[in-house]
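Trainee: Sending over a structure as structure tokens; questions will come in a sec.
What follows is calculated from the coordinates using simple rules that are stated; it is not laboratory data. Not measured: the values here are computed from a predicted model. Neighbour counts run over all protein chains shown; Cβ positions are idealised from the backbone, glycine included.
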Amino acid sequence: MYKATILIFTVVATLTAGTVNFVFEGVGITPIGGWGENLSSGLAGGLYGDWLFSQKFRAGLGIEGAVFGDANQGSASFTQLKPMGTASLYLRPYGTVFNPGVVVGFGYCRSQLFSGGGIDPASWDLFWRAGIRWNFSLGSPWRAGLGLDLESVMAPEKAGDAFRLTFGVSREVQL
Amino acid sequence: MKKTAAIFTAILLIMLPGCESNPLYFRLSSNYFPVSPAGATWEYSIDGGGSKIVTVVDQSVIGERPCWRLQSGADYAYWINEDGRLEKYENHTVLFNGFEVPIYQAWITMFQWPLADGMTLRDSVSAQAVSQGVTLSHTWIRNQTVTGPEVSPNGVWSDCYRIHQEEMVINWIQTAGFTPETTLCARNIWLAPDVGMVIMQSADSLITLSSFTGGEE
């Protein structure tokens, strides 16, 4: 319940007032290390709501789902579901062509393996993510961003590290 | 927005109970049946007395495929562990009228990676050969079910997968006086991460790993 309480308070604080930047990201994920040896690179999609504390600094919540296929034309697949808190800092928030920024995320990752008709027990682990973004305008009110992240699922005995290449579109909404 | 927040919160509350962590990424990155490098040695104790030592000898080429050669006693076995599957070279022969008649030579898939609880595998071979005017047929069917992860029965190895194998072999010398000979066999094999087979248990035998030495890369 402790984890749930923190998340609920964060949700409520985020949604009570202000301007929220909604972001949808499509992601290509490449596992680092042996955990992805029998898995292909993954595809992910995420939806984020970031409250604008200022034009430069924003923080909020998001959820991302990722799926990995079998690297050897077998029947394995691997899924990740990541509810998380995010924070980002952009240096030129009104830049139409070049608005560099950094993003961090921290939350839980639910990982599950499917293979040959079997399902391994799901694992819930803390994870973190850090990356850079190149944000630009698509014409008001839409913006887009390209990014590169490093993330790590802090599972027991062996972390699930990965690189992420992202492309996202966003729009600010007054609440 | 309040409705969205309520839905989001409800989803989180549903998801959070039972949030247990387990070494899934460790299992994914582990090799559950290493057949290399050269020098790796498994020493098994056989229930009722005796021991069995399996050693990776060297690399070889069988059927135009590079593989690892493992020695156990005077016998050699050839294995390939790549592209998500473990394969073993089978050279099946039948003794007939004093001659050893080759029935088939093939790479047989033993396991597919990654293993997962509830995974099922079915492999089969059906082959025949003619010797001295008589057809010799051989059928082999194996069903495997994976359970785990679990601790090995002797409590030594964690994050093991248990493979339950049921094998049926039908040999038939198709001439007067012979009928199909059917053999059924069931066994459990526990595979430990980065070690391989640690226990093999059947109705009449129990083999337990007593020591393991990884070879040098």
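Trainee: Students often check this: by mean Cβ neighbours within 10 Å, which of B:199-208, A:115-124, A:23-32, B:111-120 ranks highest, and how do the rest follow?
Mentor: Descending packing order for the listed peptides: B:111-120, A:115-124, A:23-32, B:199-208.
Trainee: Rounded to two decimal places and with Rh computed the Kirkwood way over Cα pairs, what is Rg over Rh for region B:165-217?
Mentor: Result: Rg/Rh = 1.24.
Trainee: Can you pull the Kirkwood radius for region B:30-85, inverse mean 1/r over Cα pairs, to one decimal in Å?
Mentor: About 12.3 Å for region B:30-85.
Trainee: Which three semi-axes in whole Å describe the equivalent ellipsoid of region A:22-114, each the square root of 5 times a Cα gyration tensor eigenvalue, listed largest first? Don't skip to the end; give the middle numbers.
Mentor: On the way: eigenvalues 193, 40, 20 Å².
Ellipsoid half-lengths, sorted descending, are 31, 14, 10 Å.
Trainee: Taking the alpha-carbon set of region B:31-213, what are its Rg and Dmax in Å?
Mentor: Over region B:31-213's Cα set, Rg and Dmax evaluate to 17.7, 54 Å.
Trainee: Something else now. How much length, in nm to one decimal, is gained on full extension between A:F167 and A:L47, taken as 0.36 nm per residue of separation minus their Cα-Cα distance?
Mentor: 42.0 nm
Trainee: Moving on. Over all alpha-carbon pairs in region A:66-158, figure out the percentage whose distance exceeds 19 Å. Walk me through the numbers on the way to the answer.
Mentor: Details: 2393 of 4278 pairs.
Tail of the P(r) past 19 Å holds 56 percent of the pairs.
Trainee: What is the Cα coordinate range of the protein assembly as shown on the first, second and third principal axes, sorted by size from largest, in whole angstrom?
Mentor: The Cα atoms of the protein assembly as shown stretch 90, 42, 40 Å along the principal axes, largest first.
Trainee: Next question. Label-point separation (nm) for B:D83 and B:Y104, each offset 7 Å from Cα along Cα-to-Cβ?
Mentor: About 1.8 nm, to one decimal.
Trainee: From the helices alone, meaning DSSP H stretches of at least four residues, give me the mean residue ellipticity at 222 nm for the protein assembly as shown, per-run term -39500 (n - 2.57), in deg cm²/dmol to the nearest 500.
Mentor: Working: 3 runs with 34 residues, N = 392.
That calculation yields -2500 deg cm²/dmol at 222 nm.
Trainee: Additional query: What's the angle, to the nearest 10 degrees (0 to 90), between helix B:2-15's Cα axis and the longest principal axis of chain B?
Mentor: In chain B, helix B:2-15 runs at an angle near 40 degrees to the longest axis.
Trainee: Highest mean first, how do B:126-133, B:179-186, A:53-60 rank when packing is the count of other Cβ atoms within 10 Å averaged over residues? Don't skip to the answer; put the middle values down first.
Mentor: On the way: B:126-133: 12.2, B:179-186: 10.5, A:53-60: 16.2.
In descending order of packing, they fall as A:53-60, B:126-133, B:179-186.
Trainee: Using a 7 Å offset from Cα along Cα-Cβ at B:T135, what residues in region B:163-194 end up with backbone N under 17 Å from the label point?
Mentor: Under 17 Å, as judged by backbone N against the label point of B:T135, lie B:170-181 of region B:163-194.
Trainee: Let me ask something else about it. Give the share of C-alpha pairs in each 10 angstrom bin for chain A, from 0 to the last occupied bin, in whole percents, shortest bins first.
Mentor: Taking every Cα pair in chain A, the percentages come to 10, 37, 31, 17, 5, 0.
Trainee: Sequence-distant or interchain residues sharing an amide H contact under 5 Å with B:Y104, placed H: which?
Mentor: Excluding prolines and chain starts, which carry no amide H, the hits are B:H92.
Trainee: Which ³J(HN,Hα) values, rounded to whole Hz and listed in residue order, are derived for region A:62-70 from phi using the Karplus coefficients 6.51, -1.76 and 1.60 in 6.51 cos²θ - 1.76 cosθ + 1.60 with θ = phi - 60°, glycine and proline given as x?
Mentor: With coefficients 6.51, -1.76 and 1.60, one gets x, 9, 9, x, 10, 9, 10, x, 7 Hz.
Trainee: Under a point spin-label approximation (7 Å from Cα along Cα-to-Cβ), what is the A:F98-B:T182 distance to one decimal in nm?
Mentor: With each label placed 7 Å out from Cα toward Cβ, I get 7.7 nm.
Trainee: Another one. Quick one: putting +1 on the C-beta of Lys and Arg, -1 on the C-beta of Asp and Glu, what dipole do you get for region B:31-213 around its Cα centre, in Debye to the nearest 20? Write down the numbers at each step before the final one.
Mentor: Details: 9 positive and 19 negative charges, 33 e Å.
So the magnitude is around 160 debye.
Trainee: Amide H to amide H under 5 Å from B:Y32: which residues, 5+ apart in sequence or cross-chain, H placed 1.01 Å off N in plane?
Mentor: Result for B:Y32 returns B:D194.
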